[in-house]
1. When only residues in segment 241-266 that are surrounded by fewer than 21 Cβ atoms within 10 Å (Cβ to Cβ), of a type in the set (S, T, N, Q) and at pLDDT 95 or above count, which is farthest from the chain's Cα centre (by Cα)?
2. Taking the condition of being out of contact with any Gly (no Cβ under 8 Å at 6 or more places or on another chain) and surrounded by 16 or more Cβ atoms within 10 Å (Cβ to Cβ), how many residues in segment 84-104 meet it?
3. Can you tell me which of GLU384, GLU352 is at pLDDT 95 or above, assigned by TED's automatic domain parsing to the domain that holds ILE17 and either at positive phi or not in a strand (DSSP E or B) (or both)?
4. Filter segment 212-264 down to the residues that are in contact (Cβ under 8 Å) with a residue 40 or more places away in the chain and small (Gly, Ala, Ser) and list them by number.
5. Can you find, within segment 117-140, the residue that is surrounded by the most Cβ atoms within 10 Å (Cβ to Cβ) among those that are under 12 Å from the mean Cα position of the chain (by Cα) and more than 14 Å from LEU179 (Cα to Cα)?
6. Which residues, counting only those in segment 77-95, are over 14 Å from MET55 (Cβ atoms) and not acidic (Asp, Glu)?
7. LEU74 - would you say it is of a type in the set (A, V, I, L, M, F, W, C), surrounded by fewer than 22 Cβ atoms within 10 Å (Cβ to Cβ) and assigned by TED's automatic domain parsing to the domain that holds ILE109?
8. List the number of the failed condition for ASP339; all other conditions in (1) surrounded by fewer than 16 Cβ atoms within 10 Å (Cβ to Cβ); (2) under 30 Å from THR284 (Cβ atoms) hold.
Amino acid sequence: MKNTTHLINEMQEPLEILIKNGALPPIDSAAFGSFLNHNIEISNIEAKNIIKNFMNYNPFFTSILNTCLGRIGLITLPILYEEIYLDNYLIDYIKKGITLSRTLGAKCISLTDLIPSATNYGNNIDISENEDVLLSTGHAVTVSAMVLNIDNVLALTRRRIQDETIAFVGVGSIGSGTLDLILSVLKHPRKIILCDVFNKQQELKKIYERVVNFHNFKGEISIVNPTGLEMPRLIYQEANIIIGATNIPNIVVTSMLKPGTIIVDDSYPYIFDVESCLERVSKTNDIIVMHGGILTLPKPATLLIDYRLKKYSEHESISSDYKSEVMGCILGSILPLIDNRLLPTLGILKPEIAVLYYEVLKKKGIKGSSLQCAHYHYSKIDIEKFSQIGVQKAPSS
């Protein structure tokens with residue numbers, strides 16, 4: 001295989017056939033995702049036609065990610081991202097995907113995007129017929145990626161976490177897990193703001209108590225509630241770092257962000273409007289908005305794409321310039337196979353499991369990603385201009 005990220009299978013046979021025939025080696029693990037038609041710039045109608053007429057409502061083995069940790073099969077389920085919570089056949093699709101992955105050699109499977117949330121963090125999936133296959137949400141790796149990237153962006157911009165006020169927008173498994181891991185492995189921030197757009201008052205109180213009693217946090221903590229889908233003004237006024245971990249898009253108003261704000265987001269779509277934020281970045285360099293769920297491997301990865309997807313290959317999320325970078329949720333499928341202490345994560349993530357994953361990632365030389373958002377990668381000049389601004393007050397409007 002060439003040392004590039006995108007390789008189109010030129011053998012004119014589906015990847016799964018090539019593995020079954022011995023033309024390609026088996027995969028070690030698999031990652032399931034929904035149909036993200038916006039990534040390949042086609043309409044919902046076109047996507048549904050593909051699901052019906054091409055995929056025949058079956059999981060589709062799209063590509064093989066060959067990493068220094070092992071070979072990961074990427075499988076798309078026949079369901080649109082935005083319809084995951086509405087589709088009654090999601091569990092059936094997952095079971096079909098597990099059977100397919102198992103025949104191709106996978107010993108562990110991770111669930112990406114909204115699939116963990118829609119399956120009660122994997123607990124609703126019965127794997128009794130495939131007991132030799134591990135199942136994981138991959139959330140321990142995603143949370144580790146968030147913390148590695150938070151630590152990285154602070155280092156690059158010459159800031160200290162103990163000086164920061166951090167707001168968490170979304171306190172589900174990823175949001176609360178990121179908070180737990182920060183308080184476990186980094187120095188504690190000056191202040192924490194907890195916010196969720198859904199009615200999670202009891203959960204917010206439990207998190208508050210855990211932060212104080214389990215993590216022995218001595219700083220100030222605020223719990224704020226949004227008005228509808230409008231983010232509380234306190235977050236704009238006080239937060240220097242905003243952690244995004246919700247499936248409600250564009251709830252951040254770009255013009256209200258104070259200079260010096262950093263947003264580290266694992267949401268899809270993002271909690272901010274990409275176009276307006278990147279326009280502000282290009283004009284003033286006074287904010288940083290970035291994806292927090294990407295990791296950098298110590299060695300380049302390659303992606304072998306099914307020949308039938310040739311026309312879509314240019315839209316793959318890993319560009320050839322950053323061929324060592326991989327989504328953490330995808331790596332979540334392979335890590336339990338390389339260290340038996342790394343238990344697959346089902347249900348709400350336990351803080352001690354996240355810490356173990358974080359420590360193993362660091363020992364393996366896996367780091368945070370380059371600073372990036374969508375297809376924009378921050379240059380050294382961007383970062384230096386931002387670093388010189390410092391934290392300022394929020395706009396008065």
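1. Ranking the qualifying residues of segment 241-266, first place goes to SER255.
2. 11
3. Step by step, each of GLU384, GLU352 is checked, and only GLU352 is at pLDDT 95 or above, assigned by TED's automatic domain parsing to the domain that holds ILE17 and either at positive phi or not in a strand (DSSP E or B) (or both).
4. Matches in segment 212-264: ALA239, GLY244, ALA245, SER255, GLY260.
5. If we take residues in segment 117-140 being under 12 Å from the mean Cα position of the chain (by Cα) and more than 14 Å from LEU179 (Cα to Cα), then GLY138 is surrounded by the most Cβ atoms within 10 Å (Cβ to Cβ).
6. TYR81, ILE84, TYR85, LEU86, ASN88, LEU90, ILE91, ILE94, LYS95
7. Here the answer is no, as LEU74 does not meet what is asked.
8. In the conditions (1) surrounded by fewer than 16 Cβ atoms within 10 Å (Cβ to Cβ); (2) under 30 Å from THR284 (Cβ atoms), ASP339 misses (2) alone.
The values are calculated or read from the model by the stated rules, or taken from the named source; none is laboratory data. Quick caveat: nothing in here was measured; it's all calculated off a predicted structure. Because the Cβ atoms are built from the backbone with ideal geometry, glycine has one as well, and the counts that use them run over all protein chains shown.
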